[in-house]
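None of the figures in this text is laboratory data; all of them are computed from the coordinates on show. Predicted model, so just to flag it, every value in this text is computed and none were measured. Here Cβ is always computed from backbone atoms with ideal geometry, including for glycine, and neighbour counts include all displayed protein chains.
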Amino acid sequence: MAYNCDNRASWTALWRRHPSSYQEALLSCAAAATLTRSRLPFDQHRSRSERQQPLSEVGRLEEGLAAIDEAVAIRRTLARANPDTHLPGLAQALNNRSFRLSEVRRLDESLAAIDEAVGYFRTFAQANPDTHLPHLAQALNNLAHGLEAAGRMEAALAAINEGVSYYRTLAEAHPDTHLPGLAASLNNLSNRLAEVGRYEESLAAIDEAVGYFRTFAQANPDTHLPHLAQALNNLASRLTAVQRLEEGLAAIHEAVTVRRTLAEANPEAHLPDLAQALNNLGIQLGKVGRFEEGLAANREGVNYYRALARVTPHAHLPNLAVLLNNLSNRLAEVGRYEEGLAAINEAIDYFRMLARASPDAYLPDLAQALTSQATRLREVERQDEGLTAIREAVNYYRALAGANPDTHLPDLALALNNLSVQLAAVGLHYTVRWSCTTKAWPPSARPSTTTVPWPELTRTPTCPTSPWH
């Protein structure tokens with residue numbers, strides 16, 4: 001089928017009449033855009049600070065980080081000689097470096113960089129609030145992200161609350177300039193509130209943010225439709241947290257519609273976001289019992305990420321692994337357990353590879369996927385293999401909780417609970433296996449089921465032959 005990547009009018013009809021062709025077209029346009037972009041001439045005269053952003057966009061994250069590292073080093077040298085002139089530039093470069101470090105999951109260094117930047121911006125804002133208060137508000141927003149990644153949830157909430165208060169002050173004086181910053185900060189405040197269990201306040205914050213983003217998107221859709229889609233995604237999560245499931249489903253449906261429109265216009269930029277929104281739609285559909293629709297949404301998202309990962313694996317393989325984990329859950333919801341096991345097995349292969357290269361970043365994901373694998377194995381009566389999987393997950397969570405208890409102790413507790421369930425399943429399994437023969441044995445001659453403690457069993461024993469057969 002022929003299709004024009006720039007012909008937006010034809011996309012909706014293609015989606016409705018030929019869904020598989022629609023997906024093929026969207027993927028082809030994304031791949032074509034990536035390949036075309038890779039052949040564009042590079043402007044050698046652009047500065048390093050200008051160059052590092054697009055390098056990251058095409059997955060060359062380490063090269064992007066090297067560029068901003070060099071920029072920070074230059075700014076430090078200049079600031080030592082002339083702090084009044086160059087300290088603001090150093091602070092901004094540190095802010096950017098923090099973002100780049102977070103992209104490569106060097107989270108402790110990322111937090112240190114943004115913490116240093118906030119210190120500088122706080123000093124500047126005290127001396128010249130008109131110029132530097134917006135910078136401080138933005139840096140506090142980024143600091144909250146870093147603190148959250150480090151498991152310091154209450155500190156993250158305090159940082160974003162301070163940032164929101166500054167943006168409110170700024171927006172009252174200059175709404176056209178600062179309302180977008182307020183809306184973005186409210187979105188992040190909602191996330192931080194949800195992380196500490198304050199769901200009603202979290203819902204109020206994201207509801208306010210969505211209202212602003214709707215207004216912005218009506219006036220300037222090219223700029224603000226992506227922000228509206230992200231806010232709607234978070235609104236769906238907040239509504240679900242307070243058990244308003246149908247409203248949550250409506251919000252994520254709208255987010256998917258917006259993401260689809262954006263991906264049709266620019267697949268390279270927006271296809272990953274559409275894939276993620278479809279993943280979230282699949283989860284939400286499952287929560288209201290619409291399992292087949294949830295599976296279809298999740299599978300479409302997996303298809304997109306699989307194609308994206310073939311072109312830029314560094315950027316998209318982690319997300320493909322996450323969506324495969326969720327696809328496994330959707331398949332299990334409709335009783336397709338073997339397919340669910342195949343999906344989680346593939347996800348674990350990817351997470352093992354990622355964790356070998358970056359254990360701090362991906363070991364939690366591997367542990368979570370192993371927990372899911374244990375469940376899938378139990379569903380197909382492979383209890384011993386499931387026990388091996390959940391034990392491996394528990395070992396990882398023990399190590400993670402030892403290094404960062406605030407973040408990972410809850411995960412360890414849940415994994416231990418799942419280990420208990422898996423051990424019980426193995427114990428029941430052995431009881432059932434023994435029962436195949438013990439009815440033929442007289443009570444005094446029946447084999448003992450307690451000679452080997454069942455938690456220590458690693459393989460299914462063969463039922464002994466009755467001497468009376």
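If you stretched the chain out fully between Asn266 and Ala81, how much longer would it get, using 0.36 nm times the residue separation minus the C-alpha to C-alpha distance?
Values: separation 185, 0.36 × 185 = 66.60 nm, distance 4.53 nm.
Taking 0.36 nm per residue and subtracting the Cα distance, the gain is 62.1 nm.
Karplus couplings for the stretch 271-277 from phi (6.51 cos²θ - 1.76 cosθ + 1.60, θ = phi - 60°), rounded to Hz, Gly and Pro as x?
Whole-Hz 3J(HN,Hα) from phi for the stretch 271-277: 4, x, 5, 4, 4, 5, 5.
Could you work out how far apart the two model spin labels at Glu293 and Arg352 are, taking each label as a point 7 Å from the Cα in the direction of the beta carbon, and quote it in nm?
For Glu293 paired with Arg352, the spin-label model returns 3.8 nm.
Using a cut-off of 11 Å between beta-carbons, work out the net charge of the residues near Asp273 (Lys and Arg +1, Asp and Glu -1, Asp273 not included). Don't skip to the end; give the middle numbers.
Values: positive: Arg259, Arg260; negative: none.
Charge balance near Asp273 sits at +2.
Note the full-extension length gain between Asp360 and His174 as 0.36 nm times their separation in residues minus their Cα-Cα distance, in nm to one decimal.
62.8 nm
How do the peptides 210-216, 239-245 rank, highest first, by the average count of neighbouring beta carbon atoms within 10 Å per residue?
On the way: 210-216: 18.6, 239-245: 16.0.
In decreasing order of mean packing, 210-216, 239-245 become 210-216, 239-245.
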